[in-house]
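The values are calculated or read from the model by the stated rules, or taken from the named source; none is laboratory data. Quick caveat, the model's predicted, so the values are computed rather than measured. Cβ atoms come from the backbone with ideal geometry, glycine included; neighbour counts cover every protein chain shown. Accessible surface is based on the protein model in full, side chains and every heavy atom, while ligands, DNA and RNA are left aside. Shrake-Rupley method; radii C 1.70, N 1.55, O 1.52, S 1.80 Å.
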Amino acid sequence: MNTRTDPAVAEYLARTRAALADLPAAELEEIVEDIGPHLSEIAAEVDGDVTVDALSERLGTPEQYAAELRAAAGYPSAESAPPRRSTALPRFVLWALVLSVLVAFGLGLAGIVRAIDAISIGLLFSLPLFAAWILIFNGRVAPSAVADLPEALAGRRVVESLPDNVIGYLRSLRPAWWLIRIVVLALALLAIFGHAGAANLLWPIIALVVLIWFGPKARTDRRWTWVVAPANAFAVGIALALLGLGWANAVGSPYRPQSGVIIEGRQFDNVYVFGPDGKPLTEVYLYDENGIPITVPVPGCNGWREPTNKMPVPRVEFDMQGMCREVTGVPFTVAIPTASTAPTTTTVPTPTTPPPTTTPGK
Amino acid sequence: MRHSWPVEISQLLKGVLDLAVLAVLRDADGYGYDVLRRLRQAGLEEVGDASVYGTLRRLYNAGALTSYVVPSEEGPHRKYYGLNDNGRERLAESAKTWRSFADTMDSLLGAAA
């Protein structure tokens, strides 16, 4: 006896389903629960290759099988059934969900690491999802109509064809995931708070609220799938990104080490010092008030080197061919104010153009 | 006058399949293929696979059957059907109707022969 669904059985079943597609979805599910095992048993009895033709020889074509079942069950005939509603809207709603899940996953994965402009990208790709929400929550599109789309059925068949222990394992993760995703999103909030603009906090906050507030609803009301699934995908993306970060730090890849210079709460990778004549000092050594060297990590083409207090440290640049170069020298010039010829110790000379930034100009 | 000759057993079966399915479920619950096999073993060779499944659904929707899924370690999970009180009542009534109908037919055919 085969435990996996035979492709021929799956195809026969799909065609039978299609021929009965006008029936209520719940009744159709019941029928499939009955005849799925039946077809598997017939397939097991077939000599040689199991094909749709071989099954049809025993049972008639899927369409004949469906017609016989329909007659015996006393369902209305397909012709007298109300015409099937257009599949265009359910299809749109389904693919809007798929797209938004993928985008949310991608935002989770990339948005945190790269601190890209997640707001505008997210909003742009959310527009179809917003439209889907309107359609599904005002009842224009029933979740069952979406579930009955051929592509949705095909997707479900793929999931159902997974070995039972895989599905069981994923199910067993559910309670843990309930907690993990909240922790993950909270971690993401902290990470973003430390690095990127506050605007990027928007998505994790939305996802967090959605998952805590609406997550339980999706179990009983399938419409909430359209809200909860993208939020979950976002959390999965962030979880993978955080895992990747942790792994990268553990194996010592090019992520920056945890040291550096922090002045007024900002972290600096490099310090440039200029003399009163506006000329850069190419070799200065930094110490704090206790004589302890103030060090920054030294970037290099082969990864980070030991931190040093000798400033400025070289920069890493990539040329047009993508080749890495280590560059010394100052990426900008400054004009030292000449009004006060002898700056006092309390007056810090302010560079006028351009303001030095932590990122060397490209 | 139109004759379809010989009388197909499957034509006759259509009218009594409900009764036959109820009868094979009287002693023990069964899943679809099980019911099908019991019918065939009892001599109803002509019964169509899909007809049995359709009949099970009709009887279930009419409230004559209960159903429950039995997980199986190997092979697909099976949905069992069984008679409930309503089903047993229906079986008793249908059996009575059938017997009187069969008697009528017997005497009719006896007279014709």
Legend entry - Protein-protein interface of the stretch B:16-47, residues with accessible area decrease of at least 40 Å², isolated chain reference, 1.4 Å probe: B:Y33
Legend entry - In nm, spacing of pseudo-spin labels at A:K310 and A:I167 (7 Å Cα→C-beta vector): 6.5
Legend entry - Viscosity 0.890 mPa s, temperature 25 °C, Stokes-Einstein D of chain B from Kirkwood C-alpha radius, µm²/s: 158
Inset, instruction - Please give the residues from the stretch A:40-78 for which the solvent-accessible area of heavy atoms, probe 1.4 Å, is smaller by at least 30 Å² with all protein chains in place than with the chain isolated. - result: A:E41, A:E68, A:L69, A:A72, A:A73
Legend entry - Accessible surface buried once A binds B (1.4 Å probe; total of both sides; Å²): 1900
Legend entry - Segments A:46-57, B:95-106, B:41-52 sorted - mean Cβ within 10 Å per residue, highest first: B:41-52, A:46-57, B:95-106
Legend entry - Residue-by-residue Karplus 3J(HN,Hα) for the stretch B:77-94, coefficients 6.51, -1.76, 1.60, Hz, glycine and proline x: 5, 10, 9, 8, 10, x, 6, 9, 4, 4, x, 5, 4, 5, 4, 4, 5, 5
Legend entry - Size descriptor, Kirkwood hydrodynamic radius, that averages inverse alpha-carbon separations across the stretch A:1-79, Å: 12.8
Inset, instruction - Search the structure for amide H atoms under 5 Å from the amide H of B:R78, placed 1.01 Å from N in the peptide plane, and list their residues when 5 or more places away or on another chain. - result: B:V70, B:S72
Inset, instruction - Quick one: pull the percent of accessible area on the stretch A:1-72 belonging to carbon and sulfur, 1.4 Å probe, ligands and nucleic acids left out. - result: 50
Legend entry - Area accessible to solvent at B:Y80, 1.4 Å probe radius, in Å²: 50
